[in-house]
Amino acid sequence: MDKCVQIYVMTHKPFTKPEDPVYVPVHVGRKPWIKAHPGEKSPLLMYVGDDSGDNISAQNCYYSELTGMYWAWKNSDADYIGICHYRRYLLTHDGALFDQRSVQKVLCSYDIITTKNLQLNFPYEEGFVHHHKKIYLDMTAQVVEELYPEYTNTFQRLVKEKHTYFGNMLIAKKETYDAYMAWLFDILFAVQARVKVEEEDSYHRRIFGFLSEFLQYVWIVYNHLKVYECMVGMLGEKAEVTETKARLAEYFKAKDYEGAKQYFLAAKKARPDLLMEASDITGELHLCMEIIAIAGLEQEEYGTNLLQERSDFEGLMQYGNQLNRYALTAIRGEEEPDLKAWADEAHVSDAALQAAIAVMRAAEL
């Protein structure tokens with residue numbers, strides 16, 4: 001007999017949801033777009049808000065998608081609960097979105113469905129401290145030892161290793177999900193009561209969302225759960241990335257590389273995740289950064305720059321991609337007549353080529 005499967009899609013903005021009714025959008029945190037178009041039919045009519053029922057919606061700036069996960073724990077009566085994001089979805093081994101049948105089939109043999117175990121370049125503790133304040137991880141370890149001492153050895157061992165799960169994405173039977181949520185929020189609420197979160201930008205402020213990714217790994221390993229690890233499908237790009245590219249396009253059109261530089265630095269300070277792979281999925285923001293740098297170098301060396309010849313965004317992206325291909329041939333000592341002809345026709349300067357070579361060498365490290 002089929003049971004109820006609900007995969008809750010965490011979002012902070014309107015989006016086109018998958019057609020399968022098992023996917024239920026949950027708007028987390030503030031809803032500024034309700035007031036954006038007064039008089040129009042509210043898109044929230046198709047959304048669940050994490051501010052209904054038993055909720056911690058007001059804590060979204062610290063917990064990110066976890067406020068939606070808390071809402072599902074406290075308010076959903078589904079037999080199977082899944083969590084994904086409006087741009088990220090767990091995929092079956094055939095590359096399809098999970099549906100009611102595939103969820104039930106997998107969870108007949110496995111305890112939980114989640115992302116592939118992420119292989120890190122450094123021990124988890126080292127990577128965390130590089131991006132966040134050490135006090136948060138230290139306090140989490142202390143709370144785990146006090147509230148759930150049986151987990152301490154697992155926590156201390158895994159924090160020194162180079163693995164974790166990511167994204168707070170999972171699908172499990174309700175009883176499994178509820179057990180994990182009870183354990184997780186016991187720990188996070190205790191940590192929150194002992195630390196003061198004062199990060200300036202919204203990305204680092206959602207510290208409990210970051211901590212929970214590792215805690216999920218600890219919980220799964222300690223409880224010896226049988227895990228169905230799967231790929232994550234990316235759909236579309238973040239609204240912040242789209243907006244940033246649109247503003248940069250305006251600066252490029254005005255041939256204002258210095259204005260573009262200042263705007264980009266401010267945007268990156270406000271959203272440090274802009275250049276991460278999960279945000280800049282097309283690589284165009286990286287290309288914008290390269291274009292800005294090249295324009296500055298050329299202006300300083302030649303008194304003019306590439307924006308004088310081309311200033312449309314699409315043309316600049318094509319130029320950047322071709323330039324990087326050309327730079328790779330230079331690094332490898334290869335001869336590609338078509339690329340050489342393109343470089344001559346595009347008037348690629350020595351400064352531009354050297355900048356691209358530096359970018360490509362850094363990417364290969």
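Listed values, structure above:
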quantity	calculated
Residue within the range 214-236 that is touching a residue at least 12 places away in the same chain (Cβ under 8 Å), closer than 30 Å to Ala267 by Cβ and crowded, with 21+ Cβ neighbours inside 10 Å present	yes
Tally of residues being in contact (Cβ under 8 Å) with a residue 60 or more places away in the chain and open to solvent by 20 Å² or more (accessible area, probe 1.4 Å) across the range 107-130	6
Top-ranked residue of the range 172-198 - restricted to ones that are without any contact (Cβ under 8 Å) to a residue 60 or more places away in the chain and of a type outside the set (A, V, I, L, M), ranked as surrounded by the fewest Cβ atoms within 10 Å (Cβ to Cβ)	Lys196
Residues of the range 303-314 classified as under 12 Å from Glu284 (Cα atoms) and not hydrophobic (A, V, I, L, M, F, W, C), total	1
The range 140-168 residues that are over 13 Å from Ile187 (Cα atoms), paired with ones that are among the hydroxyl-bearing types (Ser, Thr, Tyr) and in a loop (DSSP other than H, G, I, E, B) (beta carbon under 7 Å, 6 or more apart)	none
Hey, Ile135 in contact with a Cys (Cβ under 7 Å, 6 or more places away or on another chain) and at pLDDT 95 or above or not	no
Boolean, Phe166 is open to solvent by 10 Å² or more (accessible area, probe 1.4 Å), at pLDDT below 95 and among the aromatic types (Phe, Trp, Tyr)	yes
Checking Glu240 against (1) outside any helix (DSSP H, G or I); (2) touching a Lys or Arg at 6+ places or on another chain (Cβ under 9 Å), the condition it does not meet	(1)
Residue count for the range 303-317, restricted to those that are in a loop (DSSP other than H, G, I, E, B) and either under 17 Å from Glu345 (Cβ atoms) or touching a residue at least 12 places away in the same chain (Cβ under 8 Å) (or both)	5
Exclusive hit being closer than 30 Å to Val191 by Cβ and under 20 Å from the mean Cα position of the chain (by Cα), set Phe264, Phe214	Phe214
Residue within the range 318-336 that is at pLDDT below 95, surrounded by 12 or more Cβ atoms within 10 Å (Cβ to Cβ) and not in a helix (DSSP H, G or I) present	yes
Among the residues listed as Leu275, Leu297, the single one being surrounded by 14 or more Cβ atoms within 10 Å (Cβ to Cβ) and within 28 Å of the chain's Cα centre (by Cα)	Leu275
Among the residues listed as Asn55, Asn60, the single one being part of a loop (DSSP other than H, G, I, E, B), in contact with a Lys or Arg (Cβ under 8 Å, 6 or more places away or on another chain), within 21 Å of Gln216 (Cα to Cα) and touching a residue at least 12 places away in the same chain (Cβ under 8 Å)	Asn55
Residue in the range 257-275 that is on the phi > 0 side of the Ramachandran plot and either modelled with pLDDT under 95 or in a helix (DSSP H, G or I) (or both) present	no
Of residues in the range 4-45 being open to solvent by less than 80 Å² (accessible area, probe 1.4 Å) and polar (S, T, N, Q), the one modelled with the highest pLDDT	Gln6
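The values are calculated or read from the model by the stated rules, or taken from the named source; none is laboratory data. If you're wondering where the values come from, they're calculated on a predicted model, not measured in any experiment. Don't worry about glycine lacking a Cβ; one is built from the backbone with ideal geometry, like all the others, and counts go over all protein chains shown. When the accessible area is computed, the model is the full protein with side chains, heavy atoms only, and any ligands, DNA or RNA have been set aside. Shrake-Rupley method; radii C 1.70, N 1.55, O 1.52, S 1.80 Å.
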